[in-house]
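First the structure, in the form of structure tokens, and then the observations on it.
The values are calculated or read from the model by the stated rules, or taken from the named source; none is laboratory data. Given the structure is predicted, the values throughout are model-derived calculations rather than measurements. No Cβ is skipped: glycine too gets one built from the backbone with ideal geometry, and neighbour counts run over all protein chains shown.
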Amino acid sequence: MKDSLKPGIRYEHKFIVPPTKTVPALYPEADEFIAMPEVFATGFLVGFLEWACIKAVNPHIDWPLEQTVGTHIDVSHLAATPPGLEVTAFVELIAVEGKRLVFSVEAHDGVDLISKGKHERFVINKEKFDAKVSAKKNSA
């Protein structure tokens, strides 16, 4: 981690919602999802917010040797967004506690506020993390 990794880092990330990021596309194996409205899926919204947080801090860590993984998400999904609309995430790093990072997150689709909340990430050493995952897989 670099000395510049401090609270106050802000980032704005934009993305046009394609049909592949809607509820029916979330689990195409599930008839229940296929039958649901074609709007930005909460699961993809969470990933979009994570993406914005990753982009916010990557210049402040030793990327790609260091990376961040999501450890907690507490967000609302307030409004439906159809494909074709551009969503914008606004994220701010509000706390750095050792390797734990806490973000304030918000997203808007140009018409409505669609999400607001907090997200936590943890700085990892990619090589060590991959070794632990491999050991877990081999022990299963």
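Quick notes
- Counted residues, the stretch 109-119 - those being out of contact with any helix residue (DSSP H, G or I) (no Cβ under 9 Å at 6 or more places or on another chain) and surrounded by 14 or more Cβ atoms within 10 Å (Cβ to Cβ): 3
- Single residue of the stretch 91-108 satisfying the filter (small (Gly, Ala, Ser) and in contact (Cβ under 8 Å) with a residue 40 or more places away in the chain) that is surrounded by the fewest Cβ atoms within 10 Å (Cβ to Cβ): 95
- Look at the stretch 121-137: where a residue is at pLDDT 95 or above, no partner that is surrounded by fewer than 10 Cβ atoms within 10 Å (Cβ to Cβ) and of a type in the set (A, V, I, L, M, F, W, C) sits 6+ places away or on another chain with Cβ atoms under 6 Å.
- Some residue of the stretch 34-41 being touching a residue at least 40 places away in the same chain (Cβ under 8 Å), within 28 Å of residue 130 (Cβ to Cβ) and assigned to a loop (DSSP other than H, G, I, E, B): no
- Failed criterion for residue 44 (all others in (1) touching a helix residue (DSSP H, G or I) at 6+ places or on another chain (Cβ under 6 Å); (2) of a type in the set (Phe, Trp, Tyr); (3) in a loop (DSSP other than H, G, I, E, B) hold): (3)
- Counted residues, the stretch 47-65 - those being over 20 Å from residue 23 (Cα atoms), assigned to a helix (DSSP H, G or I) and free of Cβ contacts under 8 Å to residues at least 40 places away in the same chain: 1
- Residue list for the stretch 7-33, restricted to those being part of a helix (DSSP H, G or I), buried (at least 18 other Cβ atoms within 10 Å of the Cβ) and of a type in the set (A, V, I, L, M, F, W, C): 23
- Where a residue in the stretch 3-26 is under 16 Å from residue 51 (Cβ atoms) and its partner, wherever it lies, is surrounded by fewer than 11 Cβ atoms within 10 Å (Cβ to Cβ), with Cβ under 9 Å and at least six apart: 16/84; 17/84; 18/84
- For the residues 81, 88, 68, the requirement of being in contact (Cβ under 8 Å) with a residue 40 or more places away in the chain, part of a loop (DSSP other than H, G, I, E, B) and surrounded by 14 or more Cβ atoms within 10 Å (Cβ to Cβ) singles out 81.
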